[in-house]
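Undergrad: Can you keep this structure in mind? I'll have questions shortly.
The values are calculated or read from the model by the stated rules, or taken from the named source; none is laboratory data. Note that the coordinates shown come from a computational prediction; the quantities given were computed from them, not determined experimentally. All Cβ positions, glycine included, derive from the backbone under ideal geometry; neighbour counts span all protein chains shown.
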Amino acid sequence: MDVLNFRALEQSDVKSLQRLFMESLSDLIRRERFEDADLLDEEVARLNTTIQDHFDDDQVQLYVVEQEGILIGAGALLPPNDIISGNLEIKRGAIELGSVYVLPRMQRQGVGHFLLEEMKREILARKQHVFYLDAGFPSAQAYWRKQLGEPLLTLDHYWGPGAPHMIWEVNIK
């Protein structure tokens with residue numbers, strides 16, 4: 001694999017990041033065979049809000065992975081979302097590792113693992129050692145189980161019959 005560069009999102013990256021999110025989500029929804037017509041629009045809107053928050057809110061930091069000048073992955077460190085904070089007792093100042101996406105053509109090549117390791121370094125640099133992560137898509141749940149082990153909490157039937165939502169609490173010390 002060519003050299004990967006991990007860095008904070010810059011304003012000049014926004015259009016490329018929006019394309020990365022759209023391509024990744026479209027592929028994910030197609031592979032997962034989701035029928036919900038609004039799901040793509042809702043997820044893209046949520047991610048666009050995260051992009052804006054990166055520039056407006058000190059608690060939200062978006063990072064990108066680029067290879068040869070092309071954005072191929074992204075992830076955010078932010079306050080835990082409502083699903084996490086509504087189902088777990090979390091400490092004040094807790095961090096969620098979220099909005100993790102890798103271009104479909106770059107998946108299964110170590111980009112996600114690289115991104116995860118770099119994000120862990122960022123968390124430790126903030127003098128934190130615990131982060132939360134949640135996943136609703138089955139393929140994301142399988143990936144995170146492989147990377148992080150079993151979730152702390154599984155919310156059975158969260159998205160409907162047989163469709164759980166999973167939450168991890170990860171100590172990286």
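Undergrad: Check off (1) touching a Pro at 6+ places or on another chain (Cβ under 8 Å); (2) surrounded by 14 or more Cβ atoms within 10 Å (Cβ to Cβ) for Q59 and give me the number that stays unchecked.
TA: Here Q59 meets the rest and fails (2).
Undergrad: On the basis of being acidic (D, E), in contact with an Asp or Glu (Cβ under 8 Å, 6 or more places away or on another chain) and either farther than 20 Å from K173 by Cβ or at pLDDT below 95 (or both), does E68 make the cut?
TA: Here the answer is yes, as E68 does meet what is asked.
Undergrad: Additional query: Restricting to the stretch 1-19, and then to whatever is assigned to a loop (DSSP other than H, G, I, E, B) and not charged (D, E, K, R), can you tell me which residue is modelled with the lowest pLDDT? Before you say what the answer is, go through the steps one by one.
TA: Start the filter on the stretch 1-19 by keeping residues that are assigned to a loop (DSSP other than H, G, I, E, B), which leaves 1-4, 9-10.
Now narrow it down to the ones that are not charged (D, E, K, R): 1, 3-4, 9.
Working: M1: 57, V3: 92, L4: 95, L9: 97.
So, considering only residues that are assigned to a loop (DSSP other than H, G, I, E, B) and not charged (D, E, K, R), the one modelled with the lowest pLDDT is M1.
Undergrad: Is it fair to say E68 is more than 16 Å from the chain's Cα centre (by Cα), acidic (D, E) and closer than 25 Å to A163 by Cα?
TA: Numbers: more than 16 Å from the chain's Cα centre (by Cα): yes; acidic (D, E): yes; closer than 25 Å to A163 by Cα: no.
No; evaluated as a whole, the condition is false for this residue.
Undergrad: Another question, if that's okay. Consider A45 carefully, then state whether it is loosely packed, with under 15 Cβ neighbours inside 10 Å, closer than 16 Å to S16 by Cα and free of Cβ contacts under 8 Å to residues at least 40 places away in the same chain.
TA: yes
Undergrad: When L40 is evaluated against the numbered criteria (1) in contact (Cβ under 8 Å) with a residue 40 or more places away in the chain; (2) in a helix (DSSP H, G or I); (3) touching a helix residue (DSSP H, G or I) at 6+ places or on another chain (Cβ under 7 Å), which criterion, by number, is the only one it fails?
TA: (1)
Undergrad: Of all residues in the stretch 125-149, which are touching a helix residue (DSSP H, G or I) at 6+ places or on another chain (Cβ under 8 Å) and among the polar types (S, T, N, Q)?
TA: Result: S139, Q147.
Undergrad: Go through (1) more than 21 Å from E43 (Cβ to Cβ); (2) of a type in the set (G, A, S); (3) free of Cβ contacts under 8 Å to residues at least 60 places away in the same chain and name the single condition G110 misses.
TA: Here G110 meets the rest and fails (3).
Undergrad: Could you grab me the full set of residues in the stretch 121-140 that are modelled with pLDDT of 95 or more, touching a strand residue (DSSP E or B) at 6+ places or on another chain (Cβ under 8 Å) and not hydrophobic (A, V, I, L, M, F, W, C)?
TA: Of everything in the stretch 121-140, those that are modelled with pLDDT of 95 or more, touching a strand residue (DSSP E or B) at 6+ places or on another chain (Cβ under 8 Å) and not hydrophobic (A, V, I, L, M, F, W, C) turn out to be E122, Y132, D134.
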